[in-house]
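What follows is a short report on a single structure.
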Amino acid sequence: MQTLRNYVKQGGFYKAVVEDGSDLIFIVDYEGQILYHNNSVKETLGYGSNTLVSKNFFDFILPETLVDFKKAYLASTKKRFNESIEFQFLCKDKSYKYLEFNSINLFHSEKIKGLILDCRDIAQRKKDAEELLRAQKAKELFLANISHEIRTPINGIAGLASLLSSNQNVSGQSTYLSAIQSAADNLKVIINDILDLASIESGKLKFEQIGFNMNDLLHSLINIFLLQANEKKIDLRYHLHEDANKIFIGDPVRLNQILLNLINNALKFTNSGYISVNCYVKKKEAKKYLLEFEVRDTGIGIPKDKLQTIFESFSQADASVTRKYGGTGLGLTIVRQLIELQNGSIHVVSKEGLGSTFSFTIPYQLGSKANIRGNLVKDSSFLKKSLKDLSVLLVEDNDVNRLYASSILKIWDCKIDMAENGYVAFEKIKNELYDIILMDIQMPVMDGFEATKAIRGLESSKKNLPIIALTANATRATIEQCLAHGMNDCISKPFTPEDLYNKLSHYKKNEQRKIEQSKTIDLSYLQKMSNNNKKFIDEMLSAFVESLPKSIDEITNYYNIKDWQALARAVHKLKPSLTLMGLHTAREQALVLEELAKQNKPTKQIGTYTQLLCASLSQALLELKEIV
């Protein structure tokens, strides 16, 4: 069997290697010694001809990745071919460059213990991937921040308007309050434009199928813009044809959003004349109605050659339009997509200097009063309910939101205490008794997560108080984060009295609740993450009951033989289960014990926390056996 060095000297490897002028070709033995490299190495890595020969390939690998690279390299020596192995190679200028190799094992064809490495420069690909990831994270951060910063004050505006409309004392007040409330609701829709675009493009946007009154919807819309239209001395009017003046089943929020964008555009580009909004039935089959909506204005109009681009993302008819009127150009893009996703269509007719007419159709099912739900009116049943004597600590830094939530709680005869940040809340909880905590997330001094952690660390039954998060950033990730930080539940801002009542009534204090709070175990996280799947929960509980005695024995034995590293590993292995089972005290004890054991020094604290943890686990085992 010839040697690899002779094979290289004899030039036999050229039969196996295709040099295309761009790939870097190395021939290396199984131990990593370089026996050949082509001239492309100079162009990519900076090394001259044959300067790397007789050196070891491993010496040029980024040190912190060497262990993983050697594993991949060893795997290549056992295969005929291997591909797409990424690594970073040291260049002559002392920088590292991302490369990727495909390998040919010469042992399978030539009985030589060596590899041909066909390497490619993937630095640009890695850079592009990093830029994409960075852009995605920036987008997510932007959406989360804008959602919180804008929706939080809107929650207070919409809520107070709703409360005021339920207690009218001044004649004619309802008209103005209705417009305020509708404006706040619609402003939320505008703010959500950019969020909607992301949902639309990802195919995740869902449409409601609820009843709504078409006349109420159009009337509220017109009221929003009346003041602005009057200031510009524009006649703003609407006409709802008699056959369309009915209750329909569909998504009123999305219809509202469509018309809001179109009317807002008409006002923006109209300086005199009128804007009219019309709705009529274009086609009818039994209870299926095809409605046509029309927004007509006498504004500046749209050039003929621009009519095809106005519905594209981030575009307007002319760059000068952006400078003069502002806007991102997302509105019409979202309008078109919202209409088409509801099986409708839109088209525009326009002449420069004469105005524009946007017409669109959407099919709706005929409904009735029984289909209308979710609107808080002055005789709302949720403002007539009672949670008498329920003691609530409201932790909220925003004055308006505090006033809104506390006003609702007073209507329900709750005992209310308030704190403007997490630190004040924590101090109150140490000295007062509450049944439930409503906790905002983003607050100064101490945020909701930190406050919850501090509360869960208390040594009394107060640590088990139900905590409901109040968050404007109600993404799935945020909800999971709230639960992971020890909160029991979450309410999304803006919330309605119905939302709040349903949560509070679920946690209302009674004898059963007292029993549950006195226990070591809190199954709320397990119930939440499993969607309260009883079969799954029972299986998890049974598995934990079976494994817990072994864990207690391991921790005790490792402590007795003073094997601190093994003790740390045993505790670390147990922590996820403690989180899952809601053993908050045991988890805090485990965290401290693990850190103490990792220091590898015998201390009195190790013994103390070992005893505390084992006692907590034993108590949990007794309670779990009762549940199972």
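Taken together, the values in this text are just the output of simple stated rules run on the coordinates, not laboratory data. What you see is a predicted model; the values in this text were computed from it and never measured. As a convention, Cβ positions derive from the backbone with ideal geometry for all residues, glycine included, and neighbour counts pool all protein chains shown.
Near Ile275, the amide H atoms lying under 5 Å from its own belong to Asp235, Leu236, Arg237; only residues 5 or more places off or on other chains count, and H is placed 1.01 Å from N.
3J(HN,Hα) along segment 273-279: x, 8, 9, 10, 10, 10, 9 Hz, from the Karplus curve 6.51 cos²θ - 1.76 cosθ + 1.60 with θ = phi - 60°, whole Hz, x for Gly and Pro. A protection proxy built from the mean count of other Cβ atoms within 10 Å ranks the segments 233-246, 263-276, most packed first, as 263-276, 233-246.
Going Cα to Cα from Lys113, which aspartates and glutamates come in below 16 Å? Please leave out same-chain ones fewer than 8 positions away. Reachable aspartates and glutamates: Asp29, Glu31.
Could you list, in their original order, any pairs among Lys78/Lys111; Lys92/Lys127; Lys70/Lys573; Lys388/Lys463; Lys453/Lys535; Lys385/Lys508 whose Cα atoms are separated by more than 19 Å? List each step's numbers first, then the result.
Numbers: Lys78/Lys111 13 Å; Lys92/Lys127 21 Å; Lys70/Lys573 29 Å; Lys388/Lys463 23 Å; Lys453/Lys535 30 Å; Lys385/Lys508 13 Å.
The pairs that break the limit, which is 19 Å between Cα atoms, are Lys92/Lys127; Lys70/Lys573; Lys388/Lys463; Lys453/Lys535.
For segment 552-561, the Karplus equation 6.51 cos²θ - 1.76 cosθ + 1.60, evaluated at θ = phi - 60°, returns couplings of 4, 5, 4, 4, 5, 5, 5, 5, 4, 8 Hz by residue, with Gly and Pro reported as x.
Separation of segment 215-237 from segment 543-577 is 69 Å, based on Cα centroids. In terms of other Cβ atoms within 10 Å, Phe81, Phe426 run from fewest to most in the order Phe81, Phe426.
Counting Lys and Arg as +1 and Asp and Glu as -1, what is the net charge of the other residues whose Cβ lies under 12 Å from the Cβ of Lys92? List each step's numbers first, then the result.
Numbers: positive: Lys42, Lys94, Lys97; negative: Glu43, Asp93.
Around Lys92, the surrounding residues sum to +1.
For segment 412-423, the Karplus equation 6.51 cos²θ - 1.76 cosθ + 1.60, evaluated at θ = phi - 60°, returns couplings of 8, 6, 6, 8, 10, 10, 10, 9, 8, 7, x, 5 Hz by residue, with Gly and Pro reported as x.
Amide H contacts of Lys282: Leu290, Leu291, Glu292, each under 5 Å away and 5 or more positions distant or on a separate chain (H built 1.01 Å from N in the peptide plane; Pro and chain starts excluded).
Roughly how far apart, in whole Å, are the Cα centres of segment 427-492 and segment 608-623? Here the two parts' Cα centres lie 25 Å apart. Over the alpha-carbon set of segment 207-371, divide Rg by the Kirkwood Rh and report the Rg/Rh ratio to two decimals. In segment 207-371, Rg relative to Rh is 0.97. Proximity of backbone amide H atoms, modeled 1.01 Å from N, is registered between Asp413 and Leu387 at under 5 Å, excluding neighbours fewer than 5 places apart on the same chain.
Other residues whose C-beta falls under 10 angstrom from the C-beta of Ala229 contribute a net charge of +1, scoring Lys and Arg +1 and Asp and Glu -1.
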